[in-house]
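Worksheet: the structure to be examined is printed underneath.
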There are 2 protein chains.
Amino acid sequence: MTKTTLISSPFDRDVQFAAKKRAVIVSAASAFRRRGYHNTSMVDIAETLGLTKAALYYYVKNKEEILYESHLMTYASMDDVLQLKPATNQTALDYLAGVFRSFVNLLTQSGVSLLTDVDSLKGDWQAEVLARRARIERRIIRIVKSGQIDGSIRSGDPRLHVFFFMGALNWLNAWFDADGRLDGQDIADHFVVQLRSGISALGEG
Amino acid sequence: MTKTTLISSPFDRDVQFAAKKRAVIVSAASAFRRRGYHNTSMVDIAETLGLTKAALYYYVKNKEEILYESHLMTYASMDDVLQLKPATNQTALDYLAGVFRSFVNLLTQSGVSLLTDVDSLKGDWQAEVLARRARIERRIIRIVKSGQIDGSIRSGDPRLHVFFFMGALNWLNAWFDADGRLDGQDIADHFVVQLRSGISALGEG
DNA sequence: AATAAATTTGACTCAAGAGTAGAATTTTAT
DNA sequence: ATAAAATTCTACTCTTGAGTCAAATTTATT
């Protein structure tokens, strides 16, 4: 019992290790997002955390693993969003709008970094990241297709619908700055409207 | 006169030099677009052109100059599109749709590569590329603003309107493959509709 | 307090890829 | 045909940043 209640304590060594590992990955992901993977050195990552480069290797196998884990962490967050099922009478468009809003919020307010560099991953790691990305994409395409069935989303190639607005999400990296003048909530509000009207069946003639 | 008429001949040494330099840049840009700047070595670029790495340095100062020139080349093409003025009674939304169609066509059919990596450029080169990008962005924002004045484009922060659909353009890199099943013209057609309905003032209210 | 385990460091190795330079080759001009 | 200019090459140097390792330090356990 005593052992059980202490299992999640911040004093617990395993918990600390995991928290530190996560901090390495989150901090690196943020730098990768802002400057690119190759323009971020292990020394850069370490200094941001107040460590030396060598200490990072106590937590991660190598730089590539950081990139791999960064991607997976983001996709896990997006999967969490997609776990929430639509309400019973909610149209697919409404559900999609909510999903997209959550994605924008993840990126603008929750410190999640959506990275685009998969070519710097090799072998199984790259394959897995691509597969995870494709899976999210397919789930979103499925939502669009169900919107085309329920009548809330207009006709047209669902993949192109998705590539268009997922482009907007991925492009946030290039211009969004958490310290900038544009507030994440305002961005999410605006983007959801633009997403909706972009594919809504209303007005489709 | 004889000298003048020969100035553009493909047999002319200067013309050949320029054509070869251009081939280096276009080929490299395509590889940068597909795999990323850092994952494309100078040996890779040379081999694609049937040269050795050292021969590239006869044409370009260094790798960074290739990246710099790649960006500039693409922005020049986009500037050309924006040089065409709207017809007298054309709404800004119609003009914008035409501009965007041309952009998509540049990327999907004309071998133009839109790159996103500016962090690998340093100093003046990076500053210039960012300035050129910002200028194109500002011109597009101006079109959106005039659409909000002429009533064709709905209200809302024009920058966000632009960031949304320019994200779609920039994200083409991640999924578009010229040898793939999706035809550039079909993509342009679809994207133009999605752009239009995304920001059209019709139905606003 | 002593010992063990965990964590961090300083100083290092290594190599991939950018870039160089002079020689070789090719092309053009005389 | 010869010389000059242009282009390409081979063989190399250099450097930056990834990664390593044993020692030093810190933390936890006995």
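The values are calculated or read from the model by the stated rules, or taken from the named source; none is laboratory data. Note that this is a predicted model, so its numbers are computed, not measured. As a convention, Cβ positions derive from the backbone with ideal geometry for all residues, glycine included, and neighbour counts pool all protein chains shown. Just so you know, the surface numbers come from the protein's heavy atoms only, side chains and all, with ligands and any DNA or RNA stripped out. Shrake-Rupley method; radii C 1.70, N 1.55, O 1.52, S 1.80 Å.
Structure above, values below:
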read-out: Chain B: calculated mean residue ellipticity at 222 nm from DSSP helix runs of at least 4, using -39500 (n - 2.57); value: -22500 deg cm²/dmol
read-out: Helix runs (DSSP H) in chain A reaching 15 Å along axis by Cα, Kyte-Doolittle at least 0.5; value: A:92-109, A:158-175
read-out: Hydrodynamic radius (Kirkwood) for the protein assembly as shown, which is based on Cα pairs only, to one decimal in Å; value: 23.4 Å
read-out: Dipole magnitude (debye, nearest 20) for the protein assembly as shown, charges at Cβ of Lys, Arg, Asp, Glu; value: 280 debye
read-out: Proximal aspartates and glutamates relative to B:K85, as straight alpha-carbon distance under 14 Å, when same-chain residues fewer than 8 apart are discounted; value: B:D94
read-out: Positive-pole candidate from B:V112, A:I140, A:S102, dipole of the protein assembly as shown, charges at beta carbon; value: B:V112
read-out: Accessible area expressed per residue, chain A, with surrounding protein chains retained (probe 1.4 Å, Å²); value: 50 Å²
read-out: 16 Å reach of a label modelled at B:A201, 7 Å along Cα-to-Cβ, counting backbone N of segment B:162-193; value: none
read-out: Chains B and A together, accessible area buried on both sides, 1.4 angstrom probe, square angstrom; value: 3300 Å²
read-out: Label-point separation in nm, B:R34 to B:V81, each point 7 Å along Cα→Cβ; value: 2.2 nm
read-out: Flagged links, alpha-carbon separation over 20 Å, of B:K20/B:K122; A:K63/B:K61; B:K21/B:K61; B:K20/B:K53; A:K122/B:K21; value: B:K20/B:K122; A:K63/B:K61; A:K122/B:K21
